[in-house]
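This report concerns only the one structure given below.
The values are calculated or read from the model by the stated rules, or taken from the named source; none is laboratory data. Computed from a predicted structure; not experimentally measured. Neighbour counts run over all protein chains shown; Cβ positions are idealised from the backbone, glycine included. These accessible areas exclude ligands, DNA and RNA; they are computed on the full protein's heavy atoms, side chains included. Shrake-Rupley method; radii C 1.70, N 1.55, O 1.52, S 1.80 Å.
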Amino acid sequence: MSKDSVKLLNFWPSMFGLRVRYALDLKGVSYDYQEESLSNKSKELLEANPIYTKIPVLIHNGKPICESLVIIDYIDSVWPGSHKLLPEDPYEKAVARFWADFGDRKLFDAGSRLRRAMGEEHKKAGEDFKWALMKIDEALGTIAPGKPFFGGDAMNFADVALAPFICWFKGYQKVGGFVLPGPEEWPNLYKWVDAVNSVDAIKKSTPSPDKVAEFAEVLRKRVLGAA
Amino acid sequence: MAMACHDQDVTLLSFWPSPFSMRVKLALLLKGIEHEDLPQDLGNKSKLLLESNPVHKKVPVLIHKGKPIAESAIIVHYIDEVWPGTSPLLPQDAFLRAQHRFWTDFFEKKISDSLDRFIRSNGAAVNEEFIQDCLLLEGALAELGDEEEGPFFGGASMSFLDVMLAPSAVWIPALEQVMGLKPTSQEQCPRLHKLFGAVTEHPSAKVALPQIEKLKEFTQARLVSDHHVWIAKASP
């Protein structure tokens with residue numbers, strides 16, 4: 001019986017790569033890990049993702065899958081047995097997909113602008129970032145009241161999509177020049193953060209927030225330097 | 001057309017020029033799902049819209065048995081899951097499903113984005129980007145669509161990716177004729193041209209997609225009133 005070959009091409013601070021690691025680790029799927037240098041991309045990466053030449057790329061039995069949410073959807077289909085990420089109910093599934101998409105559309109987008117923008121735009125990015133986290137706090141209270149995760153007692157597709165932002169909070173605050181509101185304002189969010197951080201599979205691959213913050217500052221300095 | 005599925009309580013909050021709204025309409029028609037179509041005034045958003053999509057306040061929204069679903073790709077996934085029997089859209093194979101999702105995401109990140117920027121700037125550089133992106137899509141069609149079976153990514157019948165791309169069959173000609181967008185030639189993208197041609201001939205698409213003339217009038221009116229960002233702001 002042939003063994004599945006699973007390989008992840010990644011770059012350690014990437015939130016998107018972290019989503020894939022979380023999904024694989026929650027399901028107990030073993031994989032080869034290849035760290036990519038973004039200034040010196042491997043031939044394998046360029047061939048596996050010719051459209052964007054970006055990480056993460058999951059290579060499963062020689063076939064590449066790109067784009068983190070597409071990848072975790074794929075992972076959930078291929079390894080459904082352990083730790084199902086997408087709920088069975090179509091409506092709950094749609095809700096989970098919505099909040100995963102929200103992570104990209106609103107949270108990552110604001111974070112990205114925090115890194116790149118100047119002046120008024122930079123200030124707006126900070127406001128948008130906080131707004132997005134507030135929405136997530138509200139959603140947690142509505143979708144799974146009294147429960148730690150979007151998925152209730154266990155992390156689901158939405159949790160996996162959003163969790164990687166947690167180790168980036170420190171970095172975003174540094175480049176944003178603000179302090180995030182605390183648990184008094186966002187009780188559900190912080191309960192969620194604590195719950196996520198206590199999951200073994202999450203602890204396994206999450207980079208240190210200090211290292212991520214250092215990296216975020218390097219990125220920000222580049223933008224400021226070029227201005 | 002398939003036998004109508006009598007599911008009570010299917011409502012679509014729509015906006016006829018929105019390509020995202022068109023996608024959902026098309027999925028509903030392909031599957032013969034009876035529904036109430038409630039066109040929305042985006043300049044004066046209804047209480048129903050604001051309550052159904054409080055986070056983004058955008059169309060389309062599908063309301064099924066009182067529960068709202070937003071984001072066109074997510075809605076079409078939902079429709080395919082709840083009504084799997086008729087006109088199945090997502091492929092069975094997990095890897096192929098991933099390709100459909102990847103190219104849907106590509107369309108939004110690249111093609112939709114460059115069209116949006118073209119509308120705002122009417123620039124040659126953006127137009128060139130758009131052409132390059134279409135060439136990549138042509139490559140995807142060559143790889144994923146069996147030409148012998150039919151013109152679509154799904155072969156003889158429309159699949160998920162075809163539904164996601166279908167609105168371009170009317171939007172690209174509208175932008176070409178009103179704003180001078182230069183699309184790819186038939187030589188550059190023979191299969192994509194065949195796909196869009198097949199879309200415009202498809203009975204469900206003929207109902208779901210507005211006529212190009214209407215889109216042209218809409219675009220012309222918006223240009224005159226300087227509302228360049230209406231497409232981006234209207235719907236996800």
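Find how much the distance from A:Phe178 to A:Asp109 grows on full extension, using 0.36 nm per residue of separation minus their present alpha carbon separation; answer in nm with one decimal.
Numbers: separation 69, 0.36 × 69 = 24.84 nm, distance 1.73 nm.
Here the segment from A:Phe178 to A:Asp109 would lengthen by 23.1 nm.
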- Query: Gain in length, A:Arg222 to A:Glu127, computed as 0.36 nm per residue apart minus the alpha-carbon separation, to one decimal in nm?
  - Reply: 31.9 nm
- Query: If you take the beta carbon distance between B:Arg120 and A:Ser42 as r and set R0 to 41 Å, what does 1/(1 + (r/R0)^6) give as a FRET efficiency, to the nearest 0.05?
  - Reply: 0.65
- Task: Would you work out which of A:Ser30, B:Pro39, B:Ala208 lies farthest towards the positive end of the dipole of the protein assembly as shown? Charges go on Cβ: Lys and Arg +1, Asp and Glu -1.
- Result: A:Ser30
- Message: Need one value: the accessible area of B:Thr11 in square angstrom, 1.4 angstrom probe, rounded to the nearest 10.
- Response: 20
- Task: Just the number, please: percent antiparallel of the DSSP beta bridges in the protein assembly as shown, rounded to the nearest 5.
- Result: 70
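As an exercise, identify the chymotrypsin sites (Phe, Trp or Tyr not before Pro) in region A:1-63 lying in DSSP coil whose Cβ has no more than 14 other Cβ atoms within 10 Å. Don't skip to the answer; put the middle values down first.
Working: sites: A:Phe11, A:Phe16, A:Tyr22, A:Tyr31, A:Tyr33, A:Tyr52; in loops: A:Phe11, A:Tyr31, A:Tyr52.
Those that pass, being in a loop and sparsely packed, are A:Tyr52.
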- Net charge of Cβ neighbours under 10 Å - reference A:Lys204; Lys, Arg +1; Asp, Glu -1: 0
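Work out the length of the dipole vector of the protein assembly as shown about its Cα centre, built from +1 on the beta-carbon of each Lys and Arg and -1 on the beta-carbon of each Asp and Glu, and round it to the nearest 20 debye.
Numbers: 54 positive and 62 negative charges, 253 e Å.
That gives the protein assembly as shown a dipole magnitude of about 1220 debye.
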- Item | Cα-based radius of gyration of region A:6-78 once divided by 2.2 N^0.38 Å, which approximates compact folds | 0.98
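In deg cm²/dmol and to the nearest 500, what is the mean residue ellipticity at 222 nm of chain B if only DSSP H runs of at least 4 residues count, each as -39500 (n - 2.57), divided by the residue total? Spell out each step's value before the answer.
Details: 12 runs with 126 residues, N = 236.
My calculation for chain B gives -16000 deg cm²/dmol from helical runs alone.
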- Identify the trypsin sites (Lys or Arg not before Pro) of region A:1-84 meeting these criteria: DSSP loop state and at most 12 other C-beta atoms within 10 Å of the C-beta. A:Lys3
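Rounded to the nearest 500, what is chain A's calculated 222 nm mean residue ellipticity when only DSSP H runs of at least 4 contribute -39500 (n - 2.57) each, over all residues?
The per-residue figure over chain A is -16500 deg cm²/dmol.
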- Query: Given a cut-off of under 8 Å on Cα pairs at least six residues apart, what relative contact order in percent is computed for chain B?
  - Reply: 23
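Using the Cα centre as the reference, give the magnitude of the dipole from point charges on the C-beta atoms of chain B (Lys, Arg: +1; Asp, Glu: -1; all else neutral), rounded to the nearest 20 debye.
Numbers: 23 positive and 31 negative charges, 171 e Å.
Roughly 820 debye, rounded to the nearest 20.
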- Message: Placing +1 on the Cβ of each Lys and Arg and -1 on the Cβ of each Asp and Glu in the protein assembly as shown, which of B:Leu48, A:Ile202, B:Leu115 has its Cα farthest towards the positive end of the resulting dipole?
- Response: A:Ile202
- Using a 10 angstrom cutoff on alpha carbons, build the Gaussian network for chain A and name the most mobile of A:Gly176, A:Gly146, A:Gly103. A:Gly146
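Enter the mean projected area of the convex hull around the alpha-carbon atoms of region B:11-105, in nm², rounded to one decimal. Don't jump to the answer; show the numbers that get you there.
On the way: hull surface 25.4 nm².
Here the figure is 6.4 nm², rounded to one decimal.
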- Message: Under the rule of at least 5 residues apart or a separate chain, name every residue whose amide H is placed under 5 Å from the amide H of B:Leu90.
- Response: B:Phe160
- Between B:Lys45 and A:Met118, Cβ-based FRET efficiency (R0 35 Å, step 0.05) works out to 0.60
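If I take every Cα pair under 8 Å that is 6 or more residues apart in region A:6-78, average their sequence separation and divide by the length, what percent do I get for the relative contact order?
On the way: 99 pairs, mean separation 28.9, N = 73.
Normalised by residue count, the contact order of region A:6-78 is 40 percent.
Once Rh is set to the Kirkwood radius over Cα pairs, what Stokes-Einstein translational diffusion coefficient, in µm²/s, holds for the protein assembly as shown at a temperature of 20 °C and a viscosity of 1.002 mPa s?
Values: Rh = 23.3 Å.
Using the Kirkwood radius from Cα pairs, D works out to 92 µm²/s.
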- Task: Provide the gained length on full extension for the span A:Lys203 to A:Glu185, in nm with one decimal, where the gain is 0.36 nm per separating residue minus the Cα-Cα distance.
- Result: 3.9 nm
- Could you please put A:Met134, B:Met22 in sequence from largest to smallest accessible area, using a 1.4 Å probe? A:Met134, B:Met22
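If you put +1 on each Lys and Arg Cβ and -1 on each Asp and Glu Cβ, how big is the dipole of region A:90-226 around its Cα centre, in Debye rounded to 20?
On the way: 21 positive and 19 negative charges, 107 e Å.
Roughly 520 debye, rounded to the nearest 20.
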- Which whole-Hz couplings ³J(HN,Hα) result when phi for each residue of region B:154-163 is put into the Karplus expression 6.51 cos²θ - 1.76 cosθ + 1.60, θ = phi - 60°, listed in order with x for Gly and Pro? x, x, 6, 10, 6, 10, 3, 5, 4, 5
- So for chain B: antiparallel DSSP bridges make up what percent, rounded to the nearest 5? 65
- Volume per residue that the Cα convex hull of region B:84-235 spans, once the total is divided by residue count, Å³: 116
- Mind listing which GluC sites (Glu not before Pro) in region A:170-221 are in a DSSP loop and have 12 or fewer other Cβ atoms within 10 Å? A:Glu184
- Query: To the nearest 10 Å², what's A:Ile51's accessible area with a 1.4 Å probe?
  - Reply: 50
- Residues whose built amide H sits under 5 Å from the amide H of B:Val61, excluding neighbours closer than 5 in sequence, are B:Leu13
- Note on the structure: Among A:Ser42, A:Ala117, A:Ala100, the residue whose Cα sits farthest towards the positive end of the charge dipole of region A:39-126 (+1 at Cβ of Lys and Arg, -1 at Cβ of Asp and Glu, taken about the Cα centre) is A:Ala117
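Once you keep just the Cα pairs under 8 angstrom separated by 6 or more residues, what percentage relative contact order results for chain A? Please list the in-between numbers first.
On the way: 287 pairs, mean separation 47.1, N = 227.
In percent, rounded to a whole number, it is 21.
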- Hey, got the Cα dimensions of region A:90-226 along the principal axes, in Å, largest first? 46, 30, 29
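I need the calculated FRET efficiency for the pair A:Ile51 and B:Lys67, taking r as the beta carbon distance and R₀ as 30 Å, to the nearest 0.05.
Numbers: r = 35 Å, r/R0 = 1.18.
After rounding to 0.05, the efficiency reads 0.25.
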